[in-house]
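Written out below as structure tokens is the structure these notes cover.
The values are calculated or read from the model by the stated rules, or taken from the named source; none is laboratory data. This one's a predicted model, so the numbers in the text were calculated from it and none came from an experiment. We place every Cβ from the backbone using ideal geometry, glycine too, and count neighbours over all the protein chains shown. The area values use the complete protein model at the heavy-atom level, side chains included, leaving out ligands, DNA and RNA. Shrake-Rupley method; radii C 1.70, N 1.55, O 1.52, S 1.80 Å.
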Amino acid sequence: MRHCAYLILMLAAQAVNASPDNHTFLNLISDDQKTPASSLIFDSPANEVDWGQALFSDHSVQSKPKFYRTVLRYSHHYNVPADLVFGIIKTESNFNPDAISHKGAKGLMQLMDMNSRHWKIDPFLPDQNIKVGTAMIARLLEKYDGNIELALAAYNAGEGTVRKYKGVPPFKETQQYIVKVKKNMKLFSGISPPVGSFPSLFISDIH
């Protein structure tokens with residue numbers, strides 16, 4: 001009996017002193033211990049909207065972009081690829097919620113005042129800006145049967161301009177805008193849940 005008790009004590013001591021080198025782990029987490037970067041669960045900041053509890057992180061990405069959960073929430077709601085929304089935000093404002101263009105477009109997705117007034121929002125509030133911007137690009141994608149280039153051209157130059165030229169207008173600014181957004185989309189493709197509603201999304205005539 002004493003021999004058995006001695007063996008148990010010895011095994012317990014080995015477990016406590018274990019290290020990754022001998023493939024034995026004792027997973028004790030104290031209250032003040034920081035969550036490791038490789039944690040499966042991505043904990044959102046307290047001030048950010050929680051979209052879907054316990055989202056799993058992508059191990060190929062060191063950290064999530066700003067406004068990650070807000071973008072996922074509205075992209076899911078409006079059935080828009082999240083990487084498209086991220087691509088627009090990156091291109092339009094580089095994730096600066098206080099950005100103002102020389103034309104007066106404001107916030108993350110660079111909304112014009114007429115759109116902000118129509119939706120009765122403050123364009124400098126990230127949640128409201130992302131909601132309206134995502135709703136706008138969702139409507140354009142639906143209007144143009146999922147053609148991302150026409151949707152982005154209309155987002156950048158206006159639907160009237162796309163109608164006038166019967167496609168992407170011959171404006172260098174608009175054409176470069178489309179290329180930049182699609183390039184930036186690739187930065188976020190690995191961390192965005194797929195949306196398969198737009199079969200022509202990556203068909204491109206612009207190189």
With all protein chains present, calculate the accessible area of residue 180 using a 1.4 Å probe and round the result to the nearest 10 Å². 110
Expected sort for 141-147, 119-125, 80-86, 69-75 on mean C-beta neighbours within 10 Å, highest first, is 80-86, 69-75, 141-147, 119-125
Would you grab the residues whose amide H sits under 5 Å from the one on residue 111? Only those 5+ places off in sequence or on another chain, please, with H modelled 1.01 Å from N. 106
Checking the cross-link filter: which lysines have an alpha carbon closer than 22 Å to that of residue 64, excluding same-chain neighbours under 8 positions apart? 34, 90, 131, 180, 182, 183, 186
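What does the charge count around residue 129 come to, taking other residues whose C-beta lies under 12 Å from its C-beta (Lys +1, Arg +1, Asp -1, Glu -1)?
Details: positive: 106, 131; negative: 92, 98, 122, 127.
After counting each charged neighbour, the total is -2.
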Order of exposure, largest accessible area first, which applies to 185, 136, 114 with probe 1.4 Å: 114, 136, 185
Classify region 64-121: rounded, prolate or oblate, from the alpha-carbon gyration tensor (a ≥ b ≥ c, eigenvalue square roots; a/c under 1.5 rounded; otherwise prolate if a/b is larger than b/c)? oblate
Using θ = phi - 60° and the Karplus relation 6.51 cos²θ - 1.76 cosθ + 1.60, list the HN-Hα couplings for region 80-95 in order, rounded to whole Hz, with x at every Gly or Pro. 10, x, 4, 5, 5, 5, 4, x, 5, 4, 4, 6, 6, 9, 6, 6
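Where a ≥ b ≥ c are the square roots of the eigenvalues of the C-alpha gyration tensor, would you call region 138-183 rounded, which needs a/c under 1.5, or, failing that, prolate if a/b is larger than b/c, or oblate? Don't skip to the answer; put the middle values down first.
On the way: a/c = 2.02, a/b = 1.11, b/c = 1.82.
The shape class here is oblate.
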Provide the per-residue ³J(HN,Hα) series for region 180-186, in order, calculated from phi with Karplus coefficients 6.51, -1.76, 1.60 and θ = phi - 60°, each as a whole number of Hz, with x at glycine and proline positions. 5, 4, 5, 5, 5, 4, 5
